[in-house]
Amino acid sequence: MGSLSFNALLLEISNGLSEDQLESLKFLCAEDIKKREQEKCTTGHRLFQLLTERGKLGPDNTEYLGRLLTEIKRQDLRERLDGTAGERPPQSTHRDQLDIAAEVLSETLGSNWRKLGRKLKLSEVKLDSISRKHPFDLEETTMELVREWRRCSQGQATVEALVKALRDCDLNRSADTVEDALSDPAL
């Protein structure tokens, strides 16, 4: 596997981690990554970069990360990582489609993001956290909402579920826009 596709896979895994799971991974890496460096790791991707720098992770060296993912009970991410020997797993198509859906939603959802977040079963605490991260930028708020939903859903986030939630919130225009964007043959 090339380094570009490997980095894309690591980014997918990083996006699939909740904050608690990231903290658990950092704790398990205590022997390899000092506490000061761990404090600077706010994403899984940054943690993976540090592991790569220390020779614990690479396109042909995924055993260590695989064990860590098993320890935090994220077998779905472990399986995705183990699929690196050949092509990217089929789930990457859902991930790519969700990226497109998030971009479309960021342009159309506006102030209805919180209503959608509740329908996607995100807690009020999570919604408040998202709001604090991007208090004046609704587009970034929507992107963060979709990222957080992916993390919390532990691999169960799909475009179909997102569109259903939009329709359940009577956000049919946004749902139609997402479906139209995904049916575009240019994608």
Please name all residue pairs, on different chains or six or more residues apart, with Cβ atoms under 8 Å, provided the first residue is in the stretch 129-148 and is in contact (Cβ under 8 Å) with a residue 12 or more places away in the chain and farther than 21 Å from Glu12 by Cβ and the second residue is part of a helix (DSSP H, G or I) and open to solvent by 70 Å² or more (accessible area, probe 1.4 Å). Leu138/Ser111; Glu139/Glu107; Thr141/Lys133
Filter the stretch 11-40 for residues that are crowded, with 17+ Cβ neighbours inside 10 Å, assigned to a helix (DSSP H, G or I) and without any contact (Cβ under 8 Å) to a residue 40 or more places away in the chain; which is nearest to the chain's Cα centre (by Cα)? Ser14
State the number of residues belonging to the stretch 151-161 that are open to solvent by 70 Å² or more (accessible area, probe 1.4 Å) and part of a helix (DSSP H, G or I). 1
Of the numbered conditions (1) closer than 29 Å to Ser129 by Cα; (2) loosely packed, with under 15 Cβ neighbours inside 10 Å; (3) modelled with pLDDT under 85, Ala85 satisfies every one except a single condition; which is it? (1)
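Given Thr52, Thr62, Thr43, which one is open to solvent by 20 Å² or more (accessible area, probe 1.4 Å) and in contact with a strand residue (DSSP E or B) (Cβ under 9 Å, 6 or more places away or on another chain)? Reasoning before the result, please.
Numbers: Thr62 fails: in contact with a strand residue (DSSP E or B) (Cβ under 9 Å, 6 or more places away or on another chain); Thr43 fails: in contact with a strand residue (DSSP E or B) (Cβ under 9 Å, 6 or more places away or on another chain).
Answer to the selection: Thr52.
Being open to solvent by 20 Å² or more (accessible area, probe 1.4 Å) and at pLDDT 85 or above is the requirement here; does Glu148 meet it?
In short, no.
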Yes/no for Leu122 being open to solvent by 70 Å² or more (accessible area, probe 1.4 Å) and either at pLDDT below 85 or under 14 Å from Glu19 (Cα atoms) (or both): no
Taking first residues from the stretch 60-79 that are touching a residue at least 60 places away in the same chain (Cβ under 8 Å) and outside any strand (DSSP E or B) and second residues anywhere that are open to solvent by less than 30 Å² (accessible area, probe 1.4 Å) and of a type in the set (D, E, K, R), the pairs with Cβ under 9 Å that are 6 or more apart or on different chains are Leu77/Glu12
Quick one: which residue in Leu50, Leu69 is among the hydrophobic types (A, V, I, L, M, F, W, C), over 16 Å from the mean Cα position of the chain (by Cα) and at pLDDT 85 or above? Leu50
Options His134, His94; residue that is at pLDDT below 85, surrounded by 14 or more Cβ atoms within 10 Å (Cβ to Cβ) and more than 30 Å from Asn61 (Cβ to Cβ): His134
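The values are calculated or read from the model by the stated rules, or taken from the named source; none is laboratory data. None of these values were measured; they are calculated from a predicted model. Heads up, the Cβs are rebuilt from the backbone with ideal geometry, glycines too, and the neighbour counts pull from every protein chain shown. Calculation scope for accessible area: heavy atoms of the full protein, side chains included, ligands and nucleic acids excluded. Shrake-Rupley method; radii C 1.70, N 1.55, O 1.52, S 1.80 Å.
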